[in-house]
Amino acid sequence: MKEKEPRVLLIKSYRKDGPDTITQPLGLMYLAASVRNQWPGAALRIVDMRLEPLRADDMLRSFRPDTVGISALTVEADAMHQAAAELRREGFEGLIIAGGPHVSSFTFDVMQDGNIDLAVVGEGENTIVEILERRKAAQPLFDIPGTAFRRNGQIHIAEPRAFMENLDDIPWPAWNLTDIAAYSSRNRFSNMARRRYMAVLTSRGCPFHCIFCHKIHGKKVRGRSAKDVLNEMERLHAVHGIEEVEIIDDFFNYDLTRVQEIFRGIRERGMKVRVAFPNALRGDRLDGETLRIMREGGTYFAGFAVETASPRLQKMIRKHINLKKLRTAVEDAVKEGIFCQGFFMLGFPTETRDEMLQTIEFAASLPLHLATFSLVIPYRGTEIYEMASSLGKRTDYDYGDLSITGGANISELSDEELRAIARLANRRFYLRPGQIWRLLRKHPNRRDMVRYAVSFARRAFGSGDR
């Protein structure tokens, strides 16, 4: 008798009032690829609630999953729990697993939900395979590394799962389980153009110790080989018609030799693809030659995370970015014709109003085309959360407030003062002489200018960023 193959439904949760920028659920696509690699006959389905409603009754009737995995960011946590409850109401008796960044930070909170059987903490590719293997063998699901579980009514967190060292061994994401055209028509991280694109992850982990950042992939960079990255890009371009890749690493340019090898390889293989970096680049680790090679290999957009221009705060948050080198990198990128955006944070614990103004003036002094000023968010599991708590700041925010446009405030300023300075930042940056004209002239997607204008008006003159 043929052994029954897994039937796995993977859900990307979403709240209706959440961010309007979306990209492919790459984490779920990697999980699906790992399951398929272990069981080629496995039935797999991905439902991205940002594109379509769950419709649990129809899905259970037509697809008949035996295992469901739900992924969520913290701002989507309520939607994750609602999806689990809906599945149970419709009679689903199989395994429900929660995963994603929220679960890794709020593990105990998640496991308070009796509709959720297991939580996956950290990288999930090997974990999901072991869970399914144990299920098929009718073995207990206790103590699987990288999970949280209940036993005798108590919540337990198993030992961490070791990070995968050779990322070239991980199967490429299950691209065929997503509607590529649907994502290409929506607002995305870089949002520079409407073309057929795919998010690509070329490395995991980051060696820096910024106190506001997650630790899901560890504090050591594990990079895929340039050959494996190029092979994936080539496959995407030739088979799936991908015209652009959006690289979403934590720290892409940890090895400039590898960076140059990838972009020279794009040209040598004749791939007609554009490359965008909505994040992934550390500005003070780039040089003019590398930026030139990146531009020649298709790079047209680069985001630079600066956070603060205060030397005191750079030391406190342990970003330790060299602002002089970052300025040179931005200037070199602009000279190469790369459209540049800067990312800044306002409202760190102990940050003064003068330090916020220092960051705003620094942003306005750079030749950036766009700038985003975000409020600092105290995610549980980060050092900034502990710092804010120790200083008596409020940290028990609702999940919906834990976003860059939410209501969190751990600064020394009142809520209104903090939002007023965020509005000032947008006016100071965009209302400089010639800046709007420069943006209109250089932006690759001029059809989006109305949306930019509405967003700017809300952020620069509205009652708040929410």
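The distance between label points at I211 and M164 comes to 3.4 nm (points 7 Å beyond Cα on the Cα→Cβ vector). The count of lysine pairs in the stretch 312-466 with alpha-carbon distances below 27 Å, taking only pairs 8 or more places apart or on different chains, stands at 10.
Here the label points at I436 and E383, each 7 Å from Cα along the C-beta direction, are separated by 4.2 nm in the simple model. Sort out for me the Cα centre separation of the stretch 28-97 from the stretch 167-244, rounded to whole Å. Using only Cα atoms to place each centre, the spacing works out to 22 Å.
Once the Cα-Cα distance is subtracted from the 0.36 nm per residue extended length, the R61 to K335 segment shows a gain of 93.0 nm. Charged neighbours of L402, selected by a Cβ distance under 11 Å, balance to -3 (K, R count +1; D, E count -1). Helical content alone sets the calculated 222 nm signal of the chain at -11000 deg cm²/dmol, taking -39,500 (n - 2.57) per DSSP H segment of four or more residues and averaging over every residue. Angle of helix 449-461 to the longest C-alpha principal axis of the chain, folded into 0 to 90 degrees and rounded to 10: 80°. Taking a spot 7 Å from the Cα of E361 along the direction of its beta carbon, which residues of the stretch 298-340 have an amide N less than 14 Å from it? The answer is 309-311. In this structure the amide hydrogen of L346, modeled in the peptide plane, comes within under 5 Å of the amide hydrogens of S374, L375, V376, none closer than 5 places in sequence on its chain.
When a/c is below 1.5 the answer is rounded, else prolate if a/b is larger than b/c, else oblate, so apply that to the stretch 179-461 with a ≥ b ≥ c taken from the square roots of the Cα gyration tensor eigenvalues. Verdict is prolate for the stretch 179-461. Relative to the dominant Cα principal axis of the chain, helix 415-430 is inclined by about 60°. Cross-link reach is defined here as a Cα-Cα straight distance under 15 Å, omitting same-chain residues fewer than 8 places apart; for K272 the aspartates and glutamates meeting it are E232, E234, E243, E244, E246, E296.
The length gained by stretching the chain between S225 and Q139 to full extension, at 0.36 nm per residue less their Cα-Cα distance, is 27.3 nm.
Evaluated at 37 °C with a viscosity of 0.692 mPa s, what Stokes-Einstein diffusion coefficient in µm²/s does the stretch 7-157 have when Rh comes from the Kirkwood expression over alpha-carbon pairs? For these conditions, the coefficient is 213 µm²/s.
Summing Lys, Arg as +1 and Asp, Glu as -1, what charge do residues with Cβ under 13 Å from the Cβ of D179 carry, D179 excluded? Spell out each step's value before the answer.
On the way: positive: K12, R45, R50, R186, R196; negative: D48, E52.
Overall, the nearby charge balance is +3.
Take every pair of alpha-carbon atoms less than 8 Å apart whose residues are at least six positions apart; their mean separation over the length of the chain yields a relative contact order of 11 percent. Would you please give the FRET efficiency between N445 and L26, computed as 1/(1 + (r/R0)^6) with r the Cβ-Cβ distance and R0 = 22 Å, to the nearest 0.05? My answer for the efficiency is 0.45.
Other residues with beta-carbon under 13 Å from the beta-carbon of P367 carry, at +1 per Lys or Arg and -1 per Asp or Glu, a net charge of +2. Straight distance only, please: which lysines reach the Cα of K136 with their own Cα at less than 21 Å, same-chain residues fewer than 8 apart left out? Straight-distance partners of K136: K2, K4.
Readers should treat all values here as calculations from the given coordinates under stated rules, not as data from a laboratory. Owing to the predicted nature of the structure, the values given are computational and were not obtained by experimental measurement. Counting neighbours? That spans all protein chains shown, and the Cβs are built from the backbone with ideal geometry, glycine included.
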